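These notes are about the structure you will find just below.
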Amino acid sequence: MTTATDVNQPTLQPPAPRSRRMSLPVLLLVIAGGLALTSIVRMITGADGITNVSQMSTALELAVPIGLAGLGGLWAERSGVVNIGLEGMMILGTWFGAWAGYQWGPWTGILIGVIGGAVGGLLHAVMTVSFNVNHIVSGVAINILALGATRYLSPLAFEGVPGGSAKQSPPVESLGQFTVPGLSDWLTTLNSKGWFFVSDIAGLLGGLVTDVSWLTLIAIALIPATWWILWRTSFGLRLRSCGENPIAAESLGVNVYKYKYIAVIISGGLAGLGGVFLSIVANPFYLEGQTAGRGYIGLAAMIFGNWMPGGLALGAVLFGYTDSLNLRGGSENVHALLLLGAILLAIGAIWLAVKKKYVSAVITLLIGVLVFLWYAMTDEVPSQIVSATPYVITLLVLSLSAQRLRMPKADGLPYRKGQGK
């Protein structure tokens with residue numbers, strides 16, 4: 001029989017999600033099907049850029065800061081703390097990473113940037129955990145504070161320094177990149193053949209082994225590391241119990257305040273690492289406004305992933321891919337993706353009809369027809385549409401996945417030590 005003193009091995013198990021989780025084989029089949037449809041669209045439209053190695057490499061680079069911000073949100077919200085302040089913590093990471101990086105090297109910049117983001121997380125924890133401030137209000141305050149602080153510090157730190165200005169830091173030395181010899185060239189050659197499916201797979205894999213930053217590898221490794229810590233260790237069980245039922249966790253001897261503090265500080269550090277990526281890897285300098293809302297998109301990726309690391313990673317890649325369209329053949333590629341969207345909507349309509357949701361099926365089919373007509377009657381899309389594509393995709397995937405989402409039960413709820421007595 002478990003007692004309240006049985007601290008080391010608490011038996012509290014957070015309830016299983018109400019929605020069915022997709023098994024790994026089914027998930028891989030869905031990904032393969034999506035890639036096959038994309039390959040068909042590429043061959044029909046001639047938009048080879050949608051799956052070439054350069055496109056995939058850019059998409060990976062753009063997905064990393066979004067994924068790190070989302071991972072930070074995951075840690076905080078699994079402990080029961082909503083972290084709207086991810087954007088501000090990323091800003092702190094960009095500034096402190098570049099400030100330390102141009103003086104003492106990029107690896108020191110990474111460390112200081114992570115600490116800068118963690119300080120933002122600590123402030124958020126103090127306000128939400130210790131003083132019970134509304135989590136949204138606290139997060140917004142962190143965002144405003146980070147923006148104001150960096151705007152005030154930039155002229156003091158960067159003006160008068162070679163390459164610096166009131167809004168930009170001097171350049172930071174490169175971390176360096178690696179390419180897998182032989183394999184990268186072979187995949188690039190295979191991708192250029194334009195073969196159905198095979199060339200698209202080669203483009204996807206080629207982006208993972210061509211001109212990849214060392215920090216990208218660290219970011220990718222953090223995804224399975226987070227899953228293992230939170231779902232396979234007693235520490236993770238206690239932390240998640242704080243986000244599901246803190247009163248029950250406290251009754252089993254879990255120090256709820258401590259675990260919430262740890263989670264939110266880690267959350268800030270991960271968001272700060274995402275900011276460091278922007279100011280050291282994506283661009284070798286800090287620039288005011290550099291985060292461009294990626295903290296919020298990271299939060300959306302976390303929600304899309306149903307508060308799970310794997311789903312979060314898929315969401316980040318999706319948003320990174322659509323964002324990369326701005327940089328490489330945007331108008332042509334987005335126009336081709338209209339056809340892909342029309343096909344997916346038609347498939348969705350058929351699925352809804354099979355599920356006997358006839359009204360939804362008809363509406364989905366009508367939208368698909370409209371998208372197809374847009375594709376058929378135009379040769380390109382306006383540049384404004386290309387720029388807005390990542391944000392439109394963000395809204396669409398959140399609206400389509402809303403029915404299966406299940407957040408931690410105590411996420412965002414106020415908690416006071418001893419309130420269950």
Per-peptide average of other Cβ atoms within 10 Å, ordering 235-243, 177-185 highest first: 235-243, 177-185
Accessible area of the chain belonging to carbon and sulfur atoms, whole % at 1.4 Å probe: 69
Rh (Kirkwood; distinct C-alpha pairs) - the chain, Å: 22.8
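Compute the accessible area per residue over the chain, keeping the other protein chains in place, probe 1.4 Å, unit Å².
On the way: 19870 Å² over 421 residues.
Result: 47 Å² of accessible area for each residue.
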Rg/Rg_ref, segment 109-264, where Rg_ref = 2.2 N^0.38 Å and atoms are Cα: 1.50
Scattering curve values for segment 52-164, log₁₀ I(q)/I(0), Debye with Cα scatterers, q = 0.19, 0.21, 0.23 Å⁻¹: -1.01, -1.12, -1.21
Kyte-Doolittle at least 1.6, axis length at least 20 Å by Cα - qualifying DSSP helices, the chain: 24-45, 330-354, 358-376
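The values are calculated or read from the model by the stated rules, or taken from the named source; none is laboratory data. Here the structure is a predicted model, which means the values were calculated and not measured. FYI the Cβ positions are ideal-geometry reconstructions off the backbone, even for glycines, and counts take in every protein chain you see. Please note that ligands, DNA and RNA were not included when accessible areas were found on the heavy atoms of the full protein model with its side chains. Shrake-Rupley method; radii C 1.70, N 1.55, O 1.52, S 1.80 Å.
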